[in-house]
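Data first, discussion second: the structure below is written as structure tokens.
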Amino acid sequence: MPRYKLTLEYTGTRYSGWQVQKNARTVQGELQRAIAVVVDGPPLELYGSGRTDAGVHALGQVAHVELAASMPPEVFRLKLNDELPSDVHVLAVQPVGRRFHARHGALSRSYLYQICRRRTALAKPFVWWIKDDLDVRRMAEAAALFRGMHDFQSFTDLDPEEGSTRVLLEACEMAEEGALVLVRVVGSHFLWKMVRRLVGVLAGVGRGTLAIADVAGFLNARSGIPAQLTAPPSGLFLEGVYYEGDPGPPALRAAVPVPVFTAPGKPAGAIEARPRRPPRGRRP
């Protein structure tokens with residue numbers, strides 16, 4: 001029975017996440033339906049590298065599928081894309097051995113988050129517009145604290161008694177591109193809502209409502225503050241999934257660029273933003 005590795009991109013706006021759910025439209029459900037049409041029957045096995053939540057996008061989600069009969073990879077890819085909706089696209093199909101598993105074989109995953117510093121009509125589904133001015137230098141300083149092995153119990157709704165909340169982050173880096181502030185997080189795995197809460201905390205530091213010392217505190221003791229700061233799913237992308245022999249993430253760049261707009265009479269590169277909020281000091 002042949003097995004194929006699928007690499008997909010999708011816009012998650014219309015979907016209730018990756019995983020198949022009853023009475024909800026999901027990316028895996030659309031893929032499963034398309035495969036059944038192409039091969040005239042349901043796949044014997046279909047697994048993704050991991051779940052993405054409702055509204056979250058993917059630049060390089062990976063899945064594996066097992067079929068009853070073989071099909072030329074490029075023919076399979078083209079036929080799948082003919083059946084899939086326009087916001088789900090199979091980028092590549094590769095034959096793999098029976099031991100390949102999209103989830104268990106992944107060594108690391110990278111997520112990209114896009115914060116926009118101006119209101120945008122065209123890229124709204126792919127960014128989080130923050131109206132306040134952001135101190136990106138302070139955000140980068142805070143991001144460095146997340147690297148390494150930490151307990152992220154404050155950054156997830158997962159009960160620590162149901163599973164470990166310790167995660168090793170290989171990287172937490174930032175960049176600026178046009179009107180965007182980009183955050184990339186790389187790790188072996190991620191907890192539910194972890195990346196969005198991490199970004200929300202960084203935004204709090206950039207706004208001046210959180211001190212950098214607060215970030216260290218969230219990693220040392222459980223706090224409800226990160227949950228209150230959870231970033232929306234619109235700006236989050238599963239950037240890539242990496243297996244043995246893969247080179248890892250490329251240079252950090254925007255998934256959906258947003259240029260800086262310069263209005264007549266304003267300085268070049270002006271970005272719409274509200275005045276910075278005064279610091280509130282360290283929260284308890």
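The values are calculated or read from the model by the stated rules, or taken from the named source; none is laboratory data. This structure is a prediction, so every number in the text was calculated from the model and none was measured. Glycine also receives a Cβ, built like all others from the backbone with ideal geometry; neighbour counts cover every protein chain displayed.
General remarks:
- Among the residues listed as ARG33, ARG51, ARG14, the single one being under 11 Å from VAL88 (Cβ atoms), part of a loop (DSSP other than H, G, I, E, B) and either charged (D, E, K, R) or without any contact (Cβ under 8 Å) to a residue 24 or more places away in the chain (or both): ARG14
- The single condition among (1) under 28 Å from LEU252 (Cβ atoms); (2) in the same structural domain as GLN32 (by TED's automatic domain parsing); (3) touching a His at 6+ places or on another chain (Cβ under 9 Å) that GLY55 does not meet is (3).
- Per-region count, the range 86-105, residues within 21 Å of the chain's Cα centre (by Cα) and either surrounded by fewer than 19 Cβ atoms within 10 Å (Cβ to Cβ) or not assigned by TED's automatic domain parsing to the domain that holds THR11 (or both): 10
- In the range 175-216, the residues that are over 15 Å from the mean Cα position of the chain (by Cα) and either polar (S, T, N, Q) or in a loop (DSSP other than H, G, I, E, B) (or both): GLY178, ALA179, GLY208, THR209, LEU210, ALA211
- Within the range 67-77, the presence of at least one residue that is of a type in the set (Lys, Arg) and either surrounded by fewer than 14 Cβ atoms within 10 Å (Cβ to Cβ) or assigned by TED's automatic domain parsing to the domain that holds GLY12 (or both) is confirmed.
- Against the list (1) surrounded by 14 or more Cβ atoms within 10 Å (Cβ to Cβ); (2) over 30 Å from LYS131 (Cα atoms); (3) out of contact with any Ser or Thr (no Cβ under 8 Å at 6 or more places or on another chain), the condition CYS116 fails is (2).
- Filter pass, GLY41 being more than 18 Å from the chain's Cα centre (by Cα), outside the structural domain of PRO233 (by TED's automatic domain parsing) and within 23 Å of LEU59 (Cα to Cα): no
- Yes/no for LEU238 being part of a loop (DSSP other than H, G, I, E, B) and either outside the structural domain of GLY12 (by TED's automatic domain parsing) or surrounded by 15 or more Cβ atoms within 10 Å (Cβ to Cβ) (or both): no
- Matching option when the condition is over 20 Å from GLU177 (Cβ atoms), more than 21 Å from the chain's Cα centre (by Cα) and without any contact (Cβ under 8 Å) to a residue 40 or more places away in the chain, among PRO247, PRO264: PRO264
- Scanning the range 85-118 for residues that are among the hydroxyl-bearing types (Ser, Thr, Tyr) and within 26 Å of LEU169 (Cβ to Cβ) returns SER108, SER110, TYR111, TYR113.
- Some residue of the range 99-120 being under 30 Å from GLY217 (Cβ atoms) and either of a type in the set (D, E, K, R) or out of contact with any Phe, Trp or Tyr (no Cβ under 9 Å at 6 or more places or on another chain) (or both): yes
- So LEU78, is it in contact with a strand residue (DSSP E or B) (Cβ under 7 Å, 6 or more places away or on another chain), farther than 21 Å from TYR242 by Cα and of a type outside the set (D, E, K, R): no
- Qualifying residue in the range 121-129 (condition: buried (at least 16 other Cβ atoms within 10 Å of the Cβ), more than 12 Å from LEU182 (Cβ to Cβ) and in contact with a Lys or Arg (Cβ under 7 Å, 6 or more places away or on another chain)): yes
- Residue in the range 187-208 that is surrounded by fewer than 19 Cβ atoms within 10 Å (Cβ to Cβ) and at pLDDT 95 or above present: yes
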